[in-house]
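Structure first, then comments.
The values are calculated or read from the model by the stated rules, or taken from the named source; none is laboratory data. Note that the coordinates shown come from a computational prediction; the quantities given were computed from them, not determined experimentally. Cβ atoms come from the backbone with ideal geometry, glycine included; neighbour counts cover every protein chain shown.
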Amino acid sequence: MEMKQEFEIATLAGGCFWCTEAVFLELEGVKSVVSGYIGGLTVNPTYKDICNGDTDHAEAIQITFDPHIITFGELLEIFFATHDPTTLNRQGNDVGTQYRSEIFYHNQNQKEISQEYISILNTQNTFGKPVVTKVSPATLFYPAETYHSDYYNRNKEQSYCSYVITPKIAKLKKGFADKLKK
């Protein structure tokens, strides 16, 4: 009897989607990562619309993953370890509501796990200041323009990639070696 492979979706906003996409593409059990926009009201927003900061969308990634290999909780652990969840509408030099930290849950279980995880981080004072990551129901996700796809792997020599993303990948490899694709 063959086991049917069932995938789940996780949608996370942790600043620039080039950064988050690069991190999550490295993980065993992750089938795909799509950069895009979520959480706003504009229909079919473009990167230019998002950069203006007036659409209310966040730059986010939508992860398709196998929960038998990597759990939603493990994805959150990596999410919180590879961005700053304590700065409101900002990641490093990227400033604006489009760079906010937010989890867009797809079911009640994801909502509860997210809220519990944030509560633990705050109770343990993990970051020395409160986590400002919002937990919101997933809304319509708009995939970004194709030139954003796999941006880091296609542009490693670009200064933003080498100064901002490469250290995140190094941190991932050091702290989560057992979760990386072989």
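At a glance:
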item	result
Some residue of the stretch 50-58 being closer than 21 Å to I165 by Cβ, surrounded by fewer than 23 Cβ atoms within 10 Å (Cβ to Cβ), under 11 Å from the mean Cα position of the chain (by Cα) and in contact (Cβ under 8 Å) with a residue 12 or more places away in the chain	no
Residue under evaluation L172, criteria (1) out of contact with any Leu (no Cβ under 9 Å at 6 or more places or on another chain); (2) part of a helix (DSSP H, G or I), criterion not met	(1)
Given (1) without any contact (Cβ under 8 Å) to a residue 40 or more places away in the chain; (2) under 18 Å from the mean Cα position of the chain (by Cα), number of the condition D178 does not satisfy	(2)
Those helices (runs of 4 or more DSSP H) lying entirely in the stretch 1-100 with at least 2 residues at pLDDT 90 or above, of a type in the set (G, A, S) and out of contact with any strand residue (DSSP E or B) (no Cβ under 7 Å at 6 or more places or on another chain)	72-81
Pairs where the first residue, in the stretch 109-121, is free of Cβ contacts under 8 Å to residues at least 40 places away in the same chain and the second is among the β-branched types (V, I, T) and part of a helix (DSSP H, G or I), C-beta under 9 Å, 6+ apart	none
Extreme residue, surrounded by the fewest Cβ atoms within 10 Å (Cβ to Cβ), among residues of the stretch 102-147 that are among the hydrophobic types (A, V, I, L, M, F, W, C) and in a helix (DSSP H, G or I)	I120
First in the stretch 5-25 and farther than 14 Å from T166 by Cβ, second anywhere and basic (K, R), Cβ under 7 Å, 6 or more apart	F7/K31; A13/R100
